Amino acid sequence: MAKKTGFSSVTRRRFLKETGLAAAAAGAAPLLTAPFVSKALAADKSLSIVQWAHFVPEYDTWFDKFAKDWGEKNKISVTVDHIPVQNIPARAAAEASAGSGHDLFGFNGAGGAHLYRKFFLNVADLVNETEKKYGKVTTIGKQLGYNADDGSWSAFPDFYINFPGMYRKSEWGEIGMLPDTWDNLRIGGAKLKAKGHPVGISLGHSNDPSTTWRGLLWSYGGAVQDEAGKKIVLNSKETVEATKYAAALYKEAMTSDVLSWNDSSNNQYLVSGVASYIINPISAYRTFQKSNKAGADDTFVIAPPKGPAKQIMGAASEFYGIWKFAKNKEAAKEFLRYYAANWPEAFKASEGYNNPCFAGLVPKPMPILANDPTSTPHDKFAILQDSDKWSAIPGYPGPATPAMDEVYYAFIINDMMAKAATGQLSAEESVKWATQQCETIMKKWAGKA
Amino acid sequence: MVAIADSVPKAHSRFHFILDRRDVLGSLMVAPAILYVLLLVGVPFLMAVYYSMSAYTIYNPSWSFVGLSNFVDVVENPAFRQTLYNTFIFTFGSQILGLVLGKFGALLLLRPFPGRKFVRAIIILPWAVPIALATVAWQWMFDSLYSVINWTLIALGFITRANAPNWLGNPDLAMLSIIVVNAWRFFPFAIVIFLAGITAVPQDVIDAATVDGAGFWRKNYQIIVPMILPIVAIGLVFGIVFTFTDLSIVFLMTNGGPVGATSVLGFAGFQTGITSGDVSHGAAISLFMLPVLLVVVIFMLRFIRRREI
């Protein structure tokens, strides 16, 4: 008689019991070893930093060396991880949920400090100390990290990235105009489009159009929310006018290419020699310099176009948050103190791309911006020294809140302009659609943040 | 000598003895797989279900129960309804295209020709290439300024620069583009499925059909396809589930644009739940896939079982 094997007598109950025990044993292993592992880590004096991979690679090289040198001086082992900018929100969510990760988190975006407020250390003392030494924190800096309800600071403002206009001087000179107002941009842009050189402002789903179209909205006197950040005020005569303008600009001075663009497309448009005007950080100009010096020399930087209400443009921003669960909070604060003290070096390393959030952090004349030896003329970027006067981040004129971030990441303002531009909806209908979307988001976050 | 040697008892450890039992060893071998499914699929799934019925946000990680109100919020939003519609078009469009390409590819690869083995090996590349790399390549092919597709069409005289299609800027063409990329990814898998199915059809059945005068189309669509339908259906279940839950192509190529025309559930759930920090609504958007996928999978599996009977 054949011997009965164990497999033939496996019942569902027995299977669950035995695999359950095996699963429990395997699952318990990390729990048993965890105390020993965490003791070993605690004994190690270290500081870990994560931040985006900068658009200017030389900045990352400078920062890594700067952080390492500081660590060596203070006998602290410093690690810096650079991750793609689009991975920042997912990384922050993962670290906050796990209650573990880097000590210092470099966050690229507007509302992150408010979204993660319960997870970030209050750095009011550090901000106050920096203000005393280097001048008052700017409006953008305050929007980024300050909590008006209790006076706390969830983040240490690092820098903002301005979005000036860039135009081909020879082409605009031929038509005897300057793209200094939104109206001039439309009229001159139409003339240059006829000559094969359209205006290039994206109407797609990415950061650049989210930033640029907010600038247009604000310069017409419209806004997504009120100053207190409590109410959606998008549905206004001013917003409808701004949307009508965007539709006219698209039809008269741009091509349908802009509907598909990502953040690098307008840079390529400029470098290809097609664009007569774009709105972008100076990285587009730097790329042009490397590929075509003559074309770059003909490209000039100008403040964003003036609107009927004001001259203002959206900006991108970066801040540092110290997690409450960070292993080395004091080292993180000490590093930020040292970083602020050496901020002009950071500014130079970024080639004038990172702009300060404290009034006197980089005294004027600012290096590179006041005199850039690689550009002709050397003072091409001089107007950018005052870009804090015309730069604002999402949420303006109110605070940068999680609700305003969701409006930003859902590309609602971009789509409001695009729907009107492509004739999907009239300007009025498009503004109503966007208002409904924004109100849904605002209602959802009410009481939660 | 042999008898003496056999009579000496071996020094077995208790552990060794336990591992000799097939039932214990079997349980130990299957435990990692079960642990993997429980920890990395089961637990996150249950958490997602609870998140979707809670007020959980990153700002306020509150587990307070809110019932189905998140689902109601999501359904009431017209942008979500557009996303749901897009997801169906994207999923079924790319599966149909992938299956058609797979069927023709398999028929071609069944015929003997020089280098067939090499072609069979290389055809798997779209499936094996990391999706990030492949999507970036496709993005350039559909680029508004540097599209090689448009360049070729212009060079052949079919279109001019002025009326060149704006692949990722026109809502319909953008949807078509992501369908094409996903079908391109899926069709090697479909080829493998069809090849496995067709080679399993008994030759005498095909010979009998040939003797009876059946031509190419009759043999294919009245004999071979009905016989391999169960295996094709299994492949289709995989394809539908993976496509319905996919966000990579949209995330890398269009970001849901233009004007929300390519936003799909996976992408919208990620944007709301992770990027914007509204975990509860993000989970509700993502879990919308569950009943749809459940119905599709149950229907397909029942169909397969009936065919087998």
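To the nearest 100 Å², how much accessible surface do chains A and B cover up together, summed over both, with a 1.4 Å probe? Buried area (both sides, nearest 100 Å²): 3900 Å². Can you tell me how region A:331-423 classifies by the Cα gyration tensor, rounded, prolate or oblate, using a/c under 1.5 as the rounded cut? Taking the square roots of the gyration eigenvalues as a ≥ b ≥ c, region A:331-423 is oblate. Under 5 Å between amide hydrogens, built in the peptide plane, is the criterion, and for residue A:391 it picks out A:313 among residues at least 5 positions away or on other chains. Dipole magnitude for region B:73-308: about 740 debye, using +1 per Lys or Arg Cβ and -1 per Asp or Glu Cβ, origin at the Cα centre.
Would you mind classifying the protein assembly as shown by shape? Square roots of the alpha carbon gyration tensor eigenvalues, ordered a ≥ b ≥ c; an a/c under 1.5 is rounded, otherwise it is prolate if a/b is larger than b/c and oblate if not. It comes out oblate by the Cα gyration axes. Database remark: amide H of residue A:381 closer than 5 angstrom to the amide H of A:372 (H placed geometrically; neighbours at sequence offset of 5 or more, or on other chains; Pro and chain starts carry no H). Measuring only protein heavy atoms, the 1.4 Å probe finds residue B:187 accessible over about 40 Å².
Most simply put, the protein assembly as shown has about 65% antiparallel DSSP beta bridges, counting only bridges with both residues inside it. Annotation: per residue accessible area for the protein assembly as shown equals 46 Å², rounded to a whole number [probe 1.4 Å, protein chains only]. Inter-chain neighbour count for B:58-64: the average number of beta-carbon atoms from partner chains within 10 Å of each residue's beta-carbon is 6. Averaged over peptide A:410-420, the number of partner chain Cβ atoms lying within 10 Å of each residue's Cβ comes to 4.
Distant-in-sequence amide contacts of residue A:152, defined by a placed amide H-H separation under 5 Å and a gap of 5 or more residues or a different chain, comprise A:147.
Positive contributions from Lys and Arg (+1) and negative ones from Asp and Glu (-1), summed over other residues with Cβ under 13 Å from the Cβ of residue A:353, come out at -4. In the context of the full protein assembly, residue A:119 retains an accessible surface of approximately 40 Å², using a probe radius of 1.4 Å and ignoring ligands and nucleic acids. Label zone (residue B:296, point 7 Å along Cα-to-C-beta; backbone nitrogen cut-off 13 Å) within region B:256-275: B:265-266.
In chain B, the DSSP-assigned H stretches of four residues or longer account for a calculated mean residue ellipticity at 222 nm of -21500 deg cm²/dmol, using -39500 (n - 2.57) per stretch and the full residue count as denominator.
Label separation (residue B:140 vs residue A:290): 1.5 nm, computed from points 7 Å beyond Cα along the C-beta direction.
Using the Karplus relation 6.51 cos²θ - 1.76 cosθ + 1.60 with θ = phi - 60°, the per-residue 3J(HN,Hα) values for region B:70-79 come to 5, 5, 4, 4, 5, 5, 5, 7, x, 5 Hz, with x marking Gly and Pro. The alpha carbon centroids of region A:121-153 and region A:199-266 are separated by 30 Å. Would region B:73-308 count as rounded, prolate or oblate if I go by the C-alpha gyration tensor, calling it rounded below 1.5 in a/c and otherwise prolate when a/b exceeds b/c, oblate otherwise? Cα axes put region B:73-308 in the oblate bin.
Relative contact order of chain B: what whole-number percent is it, with Cα pairs under 8 angstrom and at least 6 residues apart? So the answer I get is 25 percent. Derived scalar couplings between HN and Hα for region A:337-344 equal 4, 5, 4, 4, 5, 10, 4, x Hz in order, rounded to whole Hz, by the Karplus curve 6.51 cos²θ - 1.76 cosθ + 1.60 (θ = phi - 60°), x for Gly and Pro. When the helices of chain A are scored as -39500 (n - 2.57) per DSSP H run of n ≥ 4 and the total is divided over every residue, the value at 222 nm lands at -14500 deg cm²/dmol. Taking every alpha-carbon pair under 8 Å whose residues sit at least 6 apart, region A:306-384 reaches a relative contact order of 14 percent. Against the criterion of solvent-accessible heavy-atom surface with a 1.4 angstrom probe, A:64, A:149 sort, most first, into A:149, A:64. Post the alpha-carbon centroid distance, region A:179-194 to region A:336-402, in whole angstrom. Cα centres, region A:179-194 to region A:336-402: 28 Å. Measuring only protein heavy atoms, the 1.4 Å probe finds residue B:22 accessible over about 140 Å².
Per-residue extension of 0.36 nm, minus the Cα-Cα distance of residue B:25 and residue B:307, leaves a gain of 97.9 nm for this segment.
Solvent-accessible surface of protein heavy atoms, probed at 1.4 angstrom with all chains present, puts B:50, A:409, A:245 in the order B:50, A:409, A:245, largest first.
Cα centroids of region A:310-327 and region B:221-257: 42 Å apart. Across region A:83-89, computed HN-Hα scalar couplings (Karplus, 6.51 cos²θ - 1.76 cosθ + 1.60, θ = phi - 60°) run 10, x, 4, 6, 8, 4, x Hz from first to last residue, x flagging Gly and Pro.
The values are calculated or read from the model by the stated rules, or taken from the named source; none is laboratory data. All values reported here derive from a predicted model rather than from experimental measurement. Because the Cβ atoms are built from the backbone with ideal geometry, glycine has one as well, and the counts that use them run over all protein chains shown. All accessible areas refer to the heavy atoms of the entire protein, side chains included, with ligands and DNA or RNA removed. Shrake-Rupley method; radii C 1.70, N 1.55, O 1.52, S 1.80 Å.
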